[in-house]
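The values are calculated or read from the model by the stated rules, or taken from the named source; none is laboratory data. Small disclaimer: the values here were computed from a predicted structure and weren't measured. When we count neighbours, we look across all protein chains shown, and the Cβ atoms used for this are built from the backbone with ideal geometry, even at glycine. Surface areas here come from the heavy atoms of the whole protein model, side chains and all, with no ligands, DNA or RNA. Shrake-Rupley method; radii C 1.70, N 1.55, O 1.52, S 1.80 Å.
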Amino acid sequence: MSVATAPGTVSATSPAARNLLLLRIAAWTILGAPLAWGVYRWFWGDGFGFDPVEEMLHYSGLTAVWVLIASLAITPVRRWTGFNALQKIRRLTGLWAFAYATMHLSVYVTIDQWFDWVLIVEDLRERPFILSGSAALALMVPLAVTSTKGWIRRLGRRWVSLHRLVYLSAGLALLHFWWGQKADLRNAVIAAAVLAVLLGARVWWAVQKRRRAA
Amino acid sequence: MTKRSWDTIPESEVTPEEVYLDRRQFIAAAGVAGAAAAALTPEGIAAAVRTVRAQRGASQEAQEYTWGAEMQDELSSYDLVTGHNNFYEFGTGKGDPARYSGEFRPRPWSVEVSGEVNKPGTYDLDDLYDPSWIEDRIYRLRCVEAWSLTIPWRGFALRNLISRVEPTSNAKYVAFETVYRPDEMPGQNRRVLDWPYVEGLRIDEAANELTFLATGLYGRDLPNQNGAPLRLVVPWKYGFKHIKSIVRIHFQETMPPTTWNLSAPQEYGFYANVNPNVDHPRWSQATHRVLPGIRRTDTLMFNGYADQVQHMYAGMDLARWY
């Protein structure tokens, strides 16, 4: 951050900068906690139980879904609470969601399917459950790639349009989550309800904006 | 030990008797020294089971160990068998049954035998079977979720009970029902499934030599989380057919409804035979994990028990009757 006191910027030692630093530290701590807990479980904890592959799949997948939902919660929460600094950790949250989804896929490809590409392709072709999850992650790839400052500058307005893909990705991720449940849909219902509120808020704002413009 | 028709493991893979006896003597000796400490570990329990057998007469042991002795070394640990369960009456997590089944009272227990039989009645569990029927059998258990365990059950062949109650010629199917006690089974307070849990077999399946009613495992009474005090064991079928805590056995002419089939008919059929060629809509059944391992193993037709059961399905389209 620039130390020069151009209009609109703050000095590194100002309270605003200190608060932002604290916010970033808090965000990294919260977002990294599931990973740290997973590493702890593996080396010093329960080793992910009697069926470690299944449990690692569940754990990484559940974390990915909730971090993705958290990234979509930032804008609505900022608008409802006026806590504008939250916007500064939105990109970080999205990238962590992508990281957890990638870990989830990695568990599936490595110690679940053992790189058996024939089986993986069969899974993709025959099972909407697998296809929905894979598509959700695939849609996150361009978003992660274009999350740098350079890409934001280069794409301009188109960056915003491109990043609306996250809504589709979240919908597919939720479908994957839903289909992954055997009979107990409680967790999937909770996630779906939260996601519905977050996406519904955006629809509401868009309608309001159009009404005002008209 | 007599070679039985269902003993599919080649003779060459069976532990030579002298090695087996040697090991048992060693275990028995070690057992004296460390019994108190070892008894609490799964290995200790396995050793204790073997020691008890070693102390009994050889002829009785041969009769007792009618099935699966050669799988002794593949046994899933006691902790695994009693800590990783699907028993939704106590919760949907694998650890929930062990965690939340402490309030369950498996005694006193009675079982109603009804329907198309000459000798219907409500039997106290101790009167339901003759003590001479009790035997130990080691069976593989293949869950529909593509994992497996190998479990030393104690119990009796269902065919013994069937002969005793004398089914009529109208008895084409056998229906089973789990107890409904929401006060003791917290999972029953949520309608995740349609309670009480019900299951069924065709009469020839029920009378098959493999079909077993377990009253114990690892030489002990069944723990609550494993379906105390009486559960079905059908090793060529997926785990969800193994109905637990049975209170009713009903003989009837029509195919009975089954809980998972009611819940998701396109995913779980009445037969539920282990079949690597017929996939679950959401995952392949061609392989499974032998827990607690992470490598996949090829799933065998009828879970490796084809010689004993495939004759019952001759001419049936098993992709249709999944």
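Worth pointing out:
- Top-ranked residue of region B:165-199 - restricted to ones that are of a type in the set (Val, Ile, Thr) and surrounded by 17 or more Cβ atoms within 10 Å (Cβ to Cβ), ranked as farthest from B:ILE246 (Cα to Cα): B:VAL192
- Within region B:138-149, tally of residues that are open to solvent by 10 Å² or more (accessible area, probe 1.4 Å) and within 11 Å of the chain's Cα centre (by Cα): 2
- Residue match in region B:200-212 (condition: of a type in the set (S, T, N, Q), under 14 Å from the mean Cα position of the chain (by Cα) and either within 14 Å of chain A (Cβ to nearest Cβ) or surrounded by fewer than 17 Cβ atoms within 10 Å (Cβ to Cβ) (or both)): no
- Residue in region B:221-237 that is touching a Cys at 6+ places or on another chain (Cβ under 9 Å), closer than 23 Å to B:ARG137 by Cβ and small (Gly, Ala, Ser) present: no
- Top-ranked residue of region A:39-57 - restricted to ones that are part of a loop (DSSP other than H, G, I, E, B) and among the charged types (D, E, K, R), ranked as most open to solvent (accessible area, probe 1.4 Å): A:ASP46
- Within the option set B:GLY315, B:GLY269, being at positive phi and assigned to a loop (DSSP other than H, G, I, E, B) holds for one residue only, B:GLY315.
- All positions within region B:200-223 that are polar (S, T, N, Q), closer than 17 Å to B:ILE246 by Cβ and in contact (Cβ under 8 Å) with a residue 60 or more places away in the chain: B:THR215
- Among residues of region A:76-123, those that are over 21 Å from the mean Cα position of the chain (by Cα), within 20 Å of A:MET140 (Cβ to Cβ) and not acidic (Asp, Glu), counted: 2
- Considering only residues in region B:113-136 that are open to solvent by less than 10 Å² (accessible area, probe 1.4 Å) and assigned to a strand (DSSP E or B), the one that is modelled with the highest pLDDT turns out to be B:VAL113.
- Scan of region A:143-180 for residues that are surrounded by 14 or more Cβ atoms within 10 Å (Cβ to Cβ) and of a type outside the set (A, V, I, L, M, F, W, C), ordered by number: A:THR146, A:SER147, A:HIS163, A:TYR167, A:SER169, A:GLY171, A:HIS176, A:GLY180
- Residues (open to solvent by less than 40 Å² (accessible area, probe 1.4 Å) and more than 14 Å from chain A (Cβ to nearest Cβ)) located in region B:297-322: B:PHE302, B:ASN303, B:GLY304, B:TYR305, B:ALA306, B:GLN308, B:VAL309, B:MET312, B:TYR313, B:LEU318
- Identity of the residue in region A:140-197, more than 14 Å from chain B (Cβ to nearest Cβ) and of a type in the set (S, T, N, Q), that ends up nearest to A:TYR108 (Cα to Cα): A:SER169
- Condition check for A:TRP96: more than 14 Å from every other protein chain (Cβ to nearest Cβ), under 15 Å from A:LEU23 (Cβ atoms), of a type outside the set (Gly, Ala, Ser) and assigned to a helix (DSSP H, G or I): yes
- B:ASP96 fulfils the conditions (1) within 14 Å of chain A (Cβ to nearest Cβ); (2) in contact with a Leu (Cβ under 9 Å, 6 or more places away or on another chain) except for a single criterion, (2).
- Test result for A:ASP116, without any contact (Cβ under 8 Å) to a residue 40 or more places away in the chain and within 11 Å of chain B (Cβ to nearest Cβ): yes
- Of all residues in region B:274-296, those satisfying the criterion of being assigned to a loop (DSSP other than H, G, I, E, B), of a type in the set (S, T, N, Q) and more than 7 Å from every other protein chain (Cβ to nearest Cβ) are B:ASN275, B:ASN277, B:GLN285.
- Filtering region A:119-135 for residues that are touching a residue at least 24 places away in the same chain (Cβ under 8 Å), surrounded by 14 or more Cβ atoms within 10 Å (Cβ to Cβ) and either away from chain B (no Cβ under 14 Å) or outside any helix (DSSP H, G or I) (or both) leaves a non-empty set.
- When A:VAL160, A:VAL194 are screened for being in a helix (DSSP H, G or I), β-branched (Val, Ile, Thr) and at pLDDT 95 or above, only A:VAL194 passes.
- Any chance A:PHE83 is away from chain B (no Cβ under 14 Å) and surrounded by 14 or more Cβ atoms within 10 Å (Cβ to Cβ): no
- Qualifying residue in region B:213-227 (condition: farther than 24 Å from A:ARG125 by Cβ, open to solvent by 60 Å² or more (accessible area, probe 1.4 Å) and not in a loop (DSSP other than H, G, I, E, B)): yes
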